[in-house]
Ligand SMILES: NC(=O)c1ccc[n+]([C@@H]2O[C@H](COP(=O)([O-])OP(=O)(O)OC[C@H]3O[C@@H](n4cnc5c(N)ncnc54)[C@H](O)[C@@H]3O)[C@@H](O)[C@H]2O)c1
């Protein structure tokens with residue numbers, strides 16, 4: 001049984017990851033800002049989850065998560081998943097917008113990575129998974145800060161991957177495409193039915209649909225496991241083929 005810290009565990013992709021890990025018998029330290037959603041999570045998944053309310057922008061949150069994992073049986077894995085939708089083009093942003101966006105989307109995962117490696121290198125290694133986005137490699141309109149922060153996570157991943165591989169620490173990054181989560185719901189046009197709006201979002205991918213949290217969670221579980229023992233520094237897009245295509249030509253019936 002492994003113990004894994006998952007940030008942003010109460011909803012969306014983080015909830016999917018937590019469910020998957022618990023189902024396979026792992027323990028999860030579930031970190032989230034939303035105390036109520038964490039209560040709901042505990043009610044559903046039970047004792048295999050230790051809930052921790054905190055902001056990932058704060059180093060103390062990560063240290064508390066590490067301590068909770070150690071108390072629960074040791075820190076074996078760490079998933080930097082928490083994030084926010086942060087819209088604004090360069091001409092629109094304020095200093096506060098840039099600062100808070102980077103605090104959550106870039107600095108938070110970097111603090112988490114730092115706390116994780118400090119512990120793992122003294123305790124036999126471990127596996128770290130960062131959740132970036134396809135926006136880390138290709139721009140969406142009006143995501144000045146979000147895209148830059150997600151790109152930074154790709155390099156933060158590689159930095160850990162090369163610095164600590166010899167100490168048994170692996171670090172990989174996932175680039176989700178459009179996944180059906182509360183974050184995605186919050187961005188859908190209000191004048192459309194949810195199903196219709198998701199159908200339009202799904203056209204981003206050649207597969208013609210949005211993804212589901214469990215489709216990210218299965219890859220995270222693999223990367224955390226010993227089955228991925230030679231996977232290190234990898235950048236894995238889970239996007240239905242969206243980033244393989246540079247223009248949304250209609251799918252041909254070949
Ligand atoms: N949904 C998508 O289409 C999509 C696509 C690409 C990347 N991502 C990334 O996947 C990750 C998860 O996204 P999601 O769609 O599940 O989002 P979500 O909004 O559905 O869930 C995010 C969770 O993180 C928590 N959170 C937010 N800020 C926090 C903070 N400062 N400290 C602690 N917890 C915090 C929220 O309370 C929430 O429970 C994010 O990093 C996001 O950028 C999502």
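Of 233, 211, all but one fail to be more than 15 Å from residue 127 (Cβ to Cβ) and within 20 Å of the chain's Cα centre (by Cα); the exception is 211.
When the stretch 129-147 is filtered for residues that are within 13 Å of the ligand (Cβ to nearest atom), more than 15 Å from the chain's Cα centre (by Cα) and more than 29 Å from residue 230 (Cβ to Cβ), the ones remaining, listed by number, are 140, 143, 145. Flag not set for residue 184, criterion: under 20 Å from residue 19 (Cα atoms), part of a helix (DSSP H, G or I) and more than 13 Å from the ligand (Cβ to nearest atom).
No other residue among 154, 224 is closer than 30 Å to residue 2 by Cα and surrounded by 19 or more Cβ atoms within 10 Å (Cβ to Cβ) apart from 224.
Looking at this structure, is residue 93 within 10 Å of the ligand (Cβ to nearest atom) and farther than 26 Å from residue 210 by Cβ? So residue 93 does not fit the description; no.
Per-residue answers, yes or no, for (1) farther than 19 Å from residue 130 by Cβ; (2) touching a strand residue (DSSP E or B) at 6+ places or on another chain (Cβ under 7 Å); (3) in contact (Cβ under 8 Å) with a residue 60 or more places away in the chain:
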{"residue": "169", "(1), (2), (3)": "no, yes, no"}
{"residue": "182", "(1), (2), (3)": "yes, no, yes"}
{"residue": "191", "(1), (2), (3)": "yes, no, no"}
{"residue": "197", "(1), (2), (3)": "yes, no, no"}
{"residue": "203", "(1), (2), (3)": "yes, no, no"}
{"residue": "230", "(1), (2), (3)": "no, no, no"}
{"residue": "234", "(1), (2), (3)": "no, yes, yes"}
{"residue": "241", "(1), (2), (3)": "yes, no, no"}
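Exactly one residue out of 33, 21 is closer than 20 Å to residue 75 by Cβ and either within 12 Å of the ligand (Cβ to nearest atom) or under 15 Å from the mean Cα position of the chain (by Cα) (or both), and it is 21. Screening residue 103 with (1) part of a helix (DSSP H, G or I); (2) closer than 19 Å to residue 58 by Cβ; (3) within 16 Å of the ligand (Cβ to nearest atom); (4) in contact with a helix residue (DSSP H, G or I) (Cβ under 7 Å, 6 or more places away or on another chain) gives one miss only, at (4).
Every number in this text was worked out from the coordinates using simple rules, so none of it is lab data. In this text, all values refer to a predicted model and were calculated from it rather than measured experimentally. No Cβ is skipped: glycine too gets one built from the backbone with ideal geometry, and neighbour counts run over all protein chains shown.
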